[in-house]
Amino acid sequence: MPPFAVMDILDAVQRRRDAGLDVFSLCAGEPGGGAPTDVREHAAALLQAGEPLGYTPALGLPVLRRAIAGHYRRWYDLEVDPGRVAITTGSSGAFVLAFLAAFGPGDRVALARPGYPAYRNILTALGCEVVELECGAGERYQPTPELLDAAVGAGGPLAGVVLASPANPTGTMVDGPELAALCAWCAEHDTRLVSDEIYHGIVAGDREQACAWSHDDRTIVVSSFSKYWGMTGWRLGWALLPEELAGPVDALAGNLALCPPTLSQHAAVRAFSERSYAEADAAAAGYRAHRELLLERLPALGWGATAPADGAFYLYADVADRIREAGDRDAVAWCARLLDQTGVALTPGADFDAVDGVGWVRLSYATDTATLRAGLERLSAWS
Ligand SMILES: Cc1ncc(COP(=O)(O)O)c(C=O)c1O
């Protein structure tokens, strides 16, 4: 599996911190605020009470599976059978289970380039053929039925399509009608759609947040407590499974990990309290304010095109001209020099797009406001 280019930047960030130098980290895709109060208090109470916290069923605690079904009623007006909710070790765990259950070696699975690198790397490790769809501004950096037709025409049928909306690194979203069209295309071509919806709840523009199960429950929906609820380290996510995959995923989950983290599962039930939704919504409002600040300062940075930042907390930007002017080799070298000279850490695009990412960077605004402001000031002065 290829290592991430951002690792070099993170090593350099650590060296700077060790040396007592300033760092303005705009590279981590991680909310800083932590879990909702109710979740933390419940976890503390369970530990205090000396609960044994042993293994749970492989697909998770029934009470949490029911709570997740309730979440789909609340957000999407959808009735979900809790028996088709699989609790997983982060959405990362859901991808491994979903890909293992749905695809076999040699299967062709399409995804957007630029995109989240783990999909590509996990699928490759499982022996699937990854079909990268070159998604640019014209497609809002998202797969379209036309791109899928072209991929079939060029190389044969697709067993699957992986979609993320809002996406990482671009933050772009497909809206309801676009998602409906992709679901219809997949149904018509006997192609399994895997819909990564882990950034739902963190939406900034006027695009509608749409769930793939509103269109077709033969799709696999993947989500997580990591982003909207800020629970990255609790390692808890879930998948909504097509009827015929619930059994296979149960067997796989039991064999691979026995069960997802038990303390996190118990505590996560409280993520669905009114207070937790209110806290998560307040965090999302904070990201929206950060996005406004960033868009306001963007002209002063002298960057090229940026992907429309519909949601999540990322801005993906073309800095190829800046790289060329500076005489740097690529965005990795440019980001390394930026960090060295200003203390600002960005993520080079190569991790998301091995072809065109050499000229792009991802800025994460999931940081605190002071760090974002200071980082943007340094960036404008450096540009
Ligand atoms: C698009 C996307 N999907 C999935 C993940 C994995 O998140 P987790 O395993 O914490 O749910 C990430 C993490 O950054 C991501 O950006």
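A protection proxy built from the mean count of other Cβ atoms within 10 Å ranks the segments 65-76, 236-247, 203-214, most packed first, as 236-247, 203-214, 65-76. Close amide-amide hydrogen proximity is noted between residue 231 and 226, each under 5 Å apart and 5 or more residues distant or on a separate chain (H modeled in the peptide plane; Pro and chain starts excluded).
Derived value for the stretch 296-383: Kirkwood hydrodynamic radius 13.1 Å. Basis is the mean of 1/r over every pair of different alpha-carbon atoms.
Close amide-amide hydrogen proximity is noted between residue 24 and 344, 345, each under 5 Å apart and 5 or more residues distant or on a separate chain (H modeled in the peptide plane; Pro and chain starts excluded).
To the nearest 20 Debye, how big is the dipole of the stretch 37-272 about its Cα centre, given +1 on the beta carbon of each Lys and Arg and -1 on that of each Asp and Glu?
I would put it at about 840 debye.
When only alpha carbons are used to place a centre, the stretch 271-288 and the stretch 133-201 end up 28 Å from one another. Once backbone amide H atoms are built at 1.01 Å from N, residue 110 has 131, 160, 161, 162 as its partners under 5 Å, excluding neighbours fewer than 5 places away on the same chain. Report the far tail of the P(r) of the chain, meaning the percent of Cα-Cα pairs longer than 38 Å. The share of Cα pairs beyond 38 Å in the chain comes to 18 percent.
Based on DSSP, what percent of beta bridges with both residues in the chain are antiparallel, to the nearest 5?
Antiparallel bridges: around 45 percent, rounded to the nearest 5.
For the chain, the 222 nm mean residue ellipticity estimated from helices alone, with every DSSP H stretch of n ≥ 4 adding -39500 (n - 2.57) and the total spread over all residues, rounds to -13500 deg cm²/dmol.
Applying the Karplus relation 6.51 cos²θ - 1.76 cosθ + 1.60 with θ = phi - 60° to the stretch 250-255 yields 3J(HN,Hα) values of 4, 5, 4, 4, x, 6 Hz, where x marks Gly and Pro.
Any read-out appearing in this document is the output of simple, stated calculations on the displayed coordinates, not a laboratory observation. Computed from a prediction, not measured in an experiment: that's the story for all the values here. A quick note on method: Cβ atoms are made from the backbone with ideal geometry, for glycine too, and the neighbour counts reach across all protein chains shown.
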